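Heads up: the structure comes next, in structure tokens.
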Amino acid sequence: MFMAALILILSTALFFFYLQAVCQKILRRQFSQEFFQSIVNANRLEFPCVRKAIEDFGSPVEYPRLTLTLKCDFLALTYLLKNAANVNQRYSYEERLLIVYFKLVFATLVTRHWLKLRETPAALKLTAILEYFANVVGERVNTVRFGNLTASDYLMNL
Amino acid sequence: MTDQILFQGLQYGIYILEGVLCLLLARQGARRRRLGLCVYVTLLFVLDGVARPAVLDHFGRTSMQFAYFYWLTDVALAMGAFLLTCSFFRRACAHEAKLWQLVRLLLIFVFILVLVISALSLTRHYTHLYTVFIVEFSQNLYFSCLVLNTLLFIMIQQLAIEDDELGLLVCGMGLQFAGEAAGLALLHLTSGGDFARAIFSFLNPICTLGMLVTWIYAVTRAPQTVPVDTLVGKQTALVEAVD
């Protein structure tokens, strides 16, 4: 009975560990270039500033602004993922998984704030997911051409 | 009724994904490093996708024949999963001959340990071979696979093995083992209660679906990462060329 209880607890914990590992493996995908910068500039996304603040000062901006920034960027990027240069107008499986992962990590960020623990690791994970989304959108948009310009060049020149 | 439709939907989803994965592996050719995976996926497709539905169709869901066949094939699949984990260890230790010798001994030891623990259980439950013993043997084997899989995952991280396909295959396997071991443990803890049975009947196909989707992703579009050493090497070469 004790053995079965131990197996149940460890297996459940490992299930979530592997789910996170799959998400991290997907996030390691290399893009042919940094597509996210043009999307960030065109849509005035703020997650690179959050990441820079963490890297430079070791801590994110004040908590209410951090959560609002990340949430707004997430909404903007998920909308773009679904609608920008996406013929099927729906998310792929890995995008769905990463959306769920973002929500879970966001929940841990909120929990960490309540428990007065360090929020930096969770915030960095969230910015990594947002960068991936921006890269995917940028890559898709980059394939659509407006005359001699790619869509991202067009957006950059606005 | 809704439960039945959902369960059937999950089952057919699994059969389709097993077939797709078989086709993908066949199309890409049987490479030596994927041999274990090809054999396991074929076994999974034949036993789970073809033989089980055939027996179910012939004898019915509530028949003893189907119950015996289900649990016997479950043991066969657990053994197959153990051998697949061994093949992943072999792939991870491809350039580490000494480490492989050590790992091989560990794998043999773990298998004997599971056999001994399950045999001890058999002496206590020899009258309930197909209920208690097989559930416990499968649970132990899946859990030992889960522990070995986790060791393999840690080993891949520690040795910095740049094989993203292997990493994703190991993660997918981990999802399946963790779900299966947790479900079986819950079944064992509650002595096969209705609640545990209901959870197990959904958890198992969901985990199998998760594993198959991860494996298809690994086989078709595993992220290609550039090793740090290569980048540094290229930069050094560039600096040397400029100088």
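The values are calculated or read from the model by the stated rules, or taken from the named source; none is laboratory data. Only a predicted model underlies this, so the values are computations on that prediction, with no experimental measurement involved. Cβ: placed from backbone, ideal geometry, glycine included. Neighbour counts: every protein chain shown. With ligands, DNA and RNA removed, areas are computed over all heavy atoms of the protein, side chains included. Shrake-Rupley method; radii C 1.70, N 1.55, O 1.52, S 1.80 Å.
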- [ ] Quick one: count up the residues across the stretch A:110-143 that are more than 21 Å from A:LEU68 (Cβ to Cβ) and open to solvent by 50 Å² or more (accessible area, probe 1.4 Å).
- [x] 3
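Yes/no matrix, rows are residues, columns are (1) in contact with a helix residue (DSSP H, G or I) (Cβ under 8 Å, 6 or more places away or on another chain); (2) modelled with pLDDT of 85 or more:
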position: A:ALA4; (1), (2): yes, no
position: A:SER11; (1), (2): yes, yes
position: A:LEU19; (1), (2): yes, yes
position: A:GLN24; (1), (2): no, yes
position: A:PHE31; (1), (2): yes, no
position: A:PHE47; (1), (2): yes, yes
position: A:VAL61; (1), (2): yes, no
position: A:TYR79; (1), (2): no, yes
Open item on the list: For the stretch B:44-100, give me the residue count where each residue is among the β-branched types (Val, Ile, Thr), assigned to a helix (DSSP H, G or I) and modelled with pLDDT under 85.
Closed with: 1
Open item on the list: Tell me yes or no: at least one residue of the stretch B:145-156 is within 22 Å of B:SER121 (Cβ to Cβ) and at the interface with chain A (Cβ under 8 Å from one of its Cβ atoms).
Closed with: yes
- [ ] Scan the stretch A:1-30 for residues that are more than 7 Å from chain B (Cβ to nearest Cβ) and aromatic (Phe, Trp, Tyr) and report the count.
- [x] 3
Task: Among (1) within 14 Å of chain B (Cβ to nearest Cβ); (2) surrounded by 20 or more Cβ atoms within 10 Å (Cβ to Cβ) - the single one A:GLN33 does not satisfy - done: (2)
Task: Total residues in the stretch B:180-191, condition within 7 Å of chain A (Cβ to nearest Cβ), aliphatic (A, V, I, L, M) and touching a residue at least 24 places away in the same chain (Cβ under 8 Å) - done: 2
Open item on the list: Considering only residues that are aliphatic (A, V, I, L, M) and assigned to a helix (DSSP H, G or I), which ones fall in the stretch A:24-64?
Closed with: A:ILE26, A:LEU27, A:ILE39, A:VAL40, A:ALA42, A:VAL50, A:ALA53, A:ILE54
TODO: Could you tell me which numbered condition A:VAL87 fails, if it satisfies all but one of (1) under 26 Å from B:THR220 (Cβ atoms); (2) of a type in the set (A, V, I, L, M); (3) within 14 Å of another protein chain (Cβ to nearest Cβ)?
DONE: (3)
Task: Looking only at the stretch A:67-90, and only at residues there that are over 14 Å from the mean Cα position of the chain (by Cα) and free of Cβ contacts under 8 Å to residues at least 40 places away in the same chain, the one that is least open to solvent (accessible area, probe 1.4 Å) - done: A:ASN83
Open item on the list: Condition check: touching a helix residue (DSSP H, G or I) at 6+ places or on another chain (Cβ under 6 Å), within 12 Å of another protein chain (Cβ to nearest Cβ) and of a type in the set (Asp, Glu). Does A:GLU94 satisfy that?
Closed with: yes
TODO: Could you tell me whether A:ALA123 is more than 23 Å from A:ASP56 (Cβ to Cβ) and touching a Lys or Arg at 6+ places or on another chain (Cβ under 9 Å)?
DONE: no
- [ ] Output the residues belonging to the stretch B:165-179 that are more than 8 Å from chain A (Cβ to nearest Cβ) and more than 17 Å from B:THR220 (Cα to Cα).
- [x] B:GLN176
